[in-house]
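Report on the following structure.
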Amino acid sequence: MTKPSKPIPRILTVNDAFYLTANMIRVVFKGPELAGIFDGCAGANCKIFLPTKGQSREDFIAQFTDGPPPAKRTYTVRAYRADVQEMDIDFVAHGDEGPASAWAIRAKAGDFLGFAGPSEVKIKDFYADWYLISADMSALPVASAAIEAMPRDAKGVAIFEVISSDDVQKLDIPKGMDVHWLIQGDPHKASTAQEDFIRNMDWPSGVVQTCVAGESGVIKAIRGYFTKDRALPREDVYISGYWKIGLIEDQHQIEKRKDLA
Ligand SMILES: Cc1cc2nc3c(=O)[nH]c(=O)nc-3n(C[C@H](O)[C@H](O)[C@H](O)COP(=O)(O)OP(=O)(O)OC[C@H]3O[C@@H](n4cnc5c(N)ncnc54)[C@H](O)[C@@H]3O)c2cc1C
């Protein structure tokens with residue numbers, strides 16, 4: 001009996017790629033391959049499959065059936081414009097060490113990658129008295145999408161830890177959100193800046209919903225604070241490790257699964 005072949009993901013084509021800020025690249029995909037993706041998926045995560053440098057489209061597509069499978073990474077849909085069949089994904093440019101970052105640094109119109117998803121949007125209902133957003137650059141896309149989706153009269157605190165002052169972005173933030181940009185020049189060095197800020201800030205009363213994501217060590221510390229010190233109900237909390245210093249994504253995912261076991 002022949003083995004059923006694995007589905008081939010959508011192959012998306014780059015329409016534009018540019019530095020949004022000093023260390024963040026926006027890649028705009030465009031084309032009929034985006035048809036059928038649900039509208040309103042900004043902030044949902046997706047899987048991308050990376051071609052190797054100089055690989056032809058045919059060769060890349062053949063890898064899904066003939067193997068070995070291409071490198072796979074997790075990213076966030078930053079924006080999707082169904083009417084013009086365009087999607088933005090923002091990539092932290094952290095050097096050539098990872099296939100996703102290296103691909104984004106070289107990306108230009110006509111380039112391609114594989115795309116699966118998107119999953120469900122992380123925060124769909126906004127019902128809190130106040131919101132706590134905390135993100136490093138890898139989580140700026142999910143945090144920005146959550147901020148854009150929240151009611152315009154929302155209140156709360158948003159903390160963004162970025163590599164340089166040239167990575168500060170203009171976001172459509174409700175006036176009631178208190179915004180803080182923290183600069184941490186070397187993302188490979190463990191940082192307690194977000195945790196310290198959260199532990200030391202005045203904690204408003206009432207129900208809080210969170211959107212917190214970024215480097216795994218930072219997330220572990222903040223998760224501990226949420227559960228042990230603040231006893232936040234699970235359903236109000238989105239908190240997730242997006243990458244880990246010194247580990248490629250596949251190793252990080254294995255560690256995450258062990259932690260949850
Ligand atoms: C749900 C989810 C959504 C995500 N969304 C986004 C997104 O929209 N944009 C985005 O840029 N990232 C996002 N990430 C993080 C991204 O998946 C990881 O950063 C991933 O490791 C990048 O793959 P890579 O091939 O560039 O590097 P890898 O091959 O995975 O890692 C190579 C090396 O680079 C280091 N590294 C990885 N990421 C970073 C980083 N951000 N800064 C500095 N060093 C790093 C690793 O520690 C490792 O040493 C998301 C992760 C998750 C789980």
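The values are calculated or read from the model by the stated rules, or taken from the named source; none is laboratory data. Note that the coordinates shown come from a computational prediction; the quantities given were computed from them, not determined experimentally. Note that we place each Cβ from the backbone using ideal geometry, even for glycine, and neighbour counts take in every protein chain shown. Accessible surface areas use protein heavy atoms only, side chains included; no ligands, DNA or RNA. Shrake-Rupley method; radii C 1.70, N 1.55, O 1.52, S 1.80 Å.
Yes/no per residue for (1) over 26 Å from D186 (Cβ atoms); (2) open to solvent by 30 Å² or more (accessible area, probe 1.4 Å):
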residue	(1), (2)
P9	yes, no
F18	no, yes
F29	yes, no
D39	yes, yes
P51	yes, no
D59	yes, yes
E86	yes, yes
V92	no, no
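Within the set V179, V212, the sole residue that is under 14 Å from Y131 (Cβ atoms) and away from the ligand (no atom under 16 Å from the Cβ) turns out to be V179.
Of all residues in region 36-61, those being more than 22 Å from the chain's Cα centre (by Cα) and among the charged types (D, E, K, R) number 4.
Within region 122-135, residues that are more than 21 Å from W181 (Cβ to Cβ) sit with their Cβ atoms under 6 Å from residues that are part of a strand (DSSP E or B), at 6+ positions apart or across chains, in these pairs: K122/Y238; I123/C211; I123/Y238; A128/V208; A128/Q209. Here's a check for you: in region 211-232, which residue that is more than 17 Å from D136 (Cβ to Cβ) and open to solvent by 60 Å² or more (accessible area, probe 1.4 Å) is nearest to the chain's Cα centre (by Cα)? Filtering region 211-232 for residues that are more than 17 Å from D136 (Cβ to Cβ) and open to solvent by 60 Å² or more (accessible area, probe 1.4 Å), the one nearest to the chain's Cα centre (by Cα) comes out as T227. Scanning region 238-254 for residues that are of a type outside the set (G, A, S) and either surrounded by 13 or more Cβ atoms within 10 Å (Cβ to Cβ) or within 6 Å of the ligand (Cβ to nearest atom) (or both) gives Y238, I239, Y242, W243, K244, I245, L247, I248, E249, H252, Q253.
Whether a residue is away from the ligand (no atom under 16 Å from the Cβ) and either modelled with pLDDT of 95 or more or open to solvent by 20 Å² or more (accessible area, probe 1.4 Å) (or both) was assessed, and K108 passes this test. Test R78 against the criterion of being under 21 Å from M137 (Cα atoms), open to solvent by less than 30 Å² (accessible area, probe 1.4 Å), modelled with pLDDT of 95 or more and within 16 Å of the ligand (Cβ to nearest atom), and give yes or no. It is true that R78 is under 21 Å from M137 (Cα atoms), open to solvent by less than 30 Å² (accessible area, probe 1.4 Å), modelled with pLDDT of 95 or more and within 16 Å of the ligand (Cβ to nearest atom). Right, E97: surrounded by fewer than 17 Cβ atoms within 10 Å (Cβ to Cβ), within 10 Å of the ligand (Cβ to nearest atom), outside any strand (DSSP E or B) and not hydrophobic (A, V, I, L, M, F, W, C) or not? In short, yes. Note on region 64-75: among residues that are within 11 Å of the ligand (Cβ to nearest atom) and among the charged types (D, E, K, R), the one that is most open to solvent (accessible area, probe 1.4 Å) is K72. Comparison of F91, F160 shows that the only residue that is in contact with a Ser or Thr (Cβ under 7 Å, 6 or more places away or on another chain) and among the aromatic types (F, W, Y) is F91.
Of all residues in region 87-102, those that are assigned by TED's automatic domain parsing to the domain that holds A44 have Cβ atoms under 6 Å from Cβ atoms of residues that are part of a loop (DSSP other than H, G, I, E, B) and within 6 Å of the ligand (Cβ to nearest atom), 6 or more apart or on another chain, in S101/H94.
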